[in-house]
Amino acid sequence: MGTVVETPVKEADATVTVKKPTVVFVLGGPGSGKGTQCANIVEHFGYTHLSAGDLLRAEIKSGSENGTMIQNMIKEGKIVPSEVTIKLLQKAMEESGNDKFLIDGFPRNEENRAAFEAVTKIEPEFVLFFDCSEEEMERRILNRNQGREDDNVETIRKRFKVFLESSLPVVQYYEAKGKVRKVIFCSPIFILVIMF
Ligand code: UDP
Ligand code: MG
């Protein structure tokens, strides 16, 4: 038998660029209309809508080992650890087969934002920010009757506080980069204009 000479496998050319998915972050306080308007946007622009909150609620329902922890955090209006949410988002992105995403309700704090960028190497194309008064948001949440455990006055107040203290700084971060498109009037036509 001859000697097998192993030739090193040539590394793939590092200069080959793989097209990264397009991501738009959709941010705004609880009840500001993010989910509702995302549903309108996907009809016209070919995006896949991924709601971080919906993914977390589905994870609770699936009976996963993180379910109880997630449920407790949501009940308290707290932000679930980045690692958990990012894994769910990555999985949903892969499974969608699409390369354009509206990520709704994430990133909710600086740590979420930095972790997402570090793990996925994706920077958002822009950020849609739903600017809505607290009174209006509270009125909408209390009227929406989705049977959510966190849609009660006590938890809503906590969610507002977390939004002001932790989530608004993320909007400000992207504002400084000129990436924020602010939505103050949620008519479908206005949304169409702002997406271009
Ligand atoms: N949540 C989280 N990380 C996320 C998105 C949601 O921890 O990236 C949790 C958080 O407790 C939040 C809840 O899920 O209060 C509901 O979020 P969702 O975006 O569904 O609702 P919103 O408050 O924006 O109406
Ligand atoms: Mg929502």
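The values are calculated or read from the model by the stated rules, or taken from the named source; none is laboratory data. Here the structure is a predicted model, which is why all the values come from computation and not from measurement. Reconstructed Cβ throughout: ideal geometry from the backbone, glycine too, with neighbour counts over all protein chains shown. Side chains are part of the model used for accessible areas, which takes the heavy atoms of the whole protein and leaves out ligands, DNA and RNA. Shrake-Rupley method; radii C 1.70, N 1.55, O 1.52, S 1.80 Å.
When both residues are 6+ apart or on different chains and their Cβ atoms are under 8 Å apart, which pairs have a first residue that lies in segment 159-173 and is over 15 Å from residue 137 (Cα atoms), and a second that is surrounded by 12 or more Cβ atoms within 10 Å (Cβ to Cβ) and of a type in the set (A, V, I, L, M)?
Taking only residues 6 or more apart or on different chains, the pairs are 166/79; 167/27; 170/27; 171/27; 171/127; 171/180.
Which residue is farthest from ligand 2 (Cβ to nearest atom), if the candidates are limited to segment 108-122 and must be more than 12 Å from the chain's Cα centre (by Cα) and not in a helix (DSSP H, G or I)?
121
Restricting to segment 95-124, name every residue that is closer than 17 Å to residue 179 by Cα, out of contact with any strand residue (DSSP E or B) (no Cβ under 9 Å at 6 or more places or on another chain) and within 14 Å of ligand 1 (Cβ to nearest atom).
If the condition is that a residue be closer than 17 Å to residue 179 by Cα, out of contact with any strand residue (DSSP E or B) (no Cβ under 9 Å at 6 or more places or on another chain) and within 14 Å of ligand 1 (Cβ to nearest atom), then 109, 110, 114 are the ones that fit.
If you go through segment 87-103, how many residues are open to solvent by less than 10 Å² (accessible area, probe 1.4 Å) and closer than 27 Å to residue 157 by Cα?
Result for segment 87-103: 3.
Residues being among the hydroxyl-bearing types (Ser, Thr, Tyr) and within 13 Å of ligand 1 (Cβ to nearest atom): count how many of those fall in segment 131-161.
Count: 1.
Which one of these does residue 30 not meet: (1) surrounded by 14 or more Cβ atoms within 10 Å (Cβ to Cβ); (2) in contact with a Leu (Cβ under 9 Å, 6 or more places away or on another chain); (3) more than 18 Å from residue 121 (Cα to Cα)?
The failed condition is (2).
Restrict the check to segment 35-55 and report whether at least one residue is open to solvent by 60 Å² or more (accessible area, probe 1.4 Å), free of Cβ contacts under 8 Å to residues at least 24 places away in the same chain and over 24 Å from residue 164 (Cβ atoms).
Yes, segment 35-55 contains a residue that is open to solvent by 60 Å² or more (accessible area, probe 1.4 Å), free of Cβ contacts under 8 Å to residues at least 24 places away in the same chain and over 24 Å from residue 164 (Cβ atoms).
Among the numbered criteria (1) within 10 Å of ligand 1 (Cβ to nearest atom); (2) under 21 Å from residue 73 (Cα atoms), which one does residue 59 miss?
(1)
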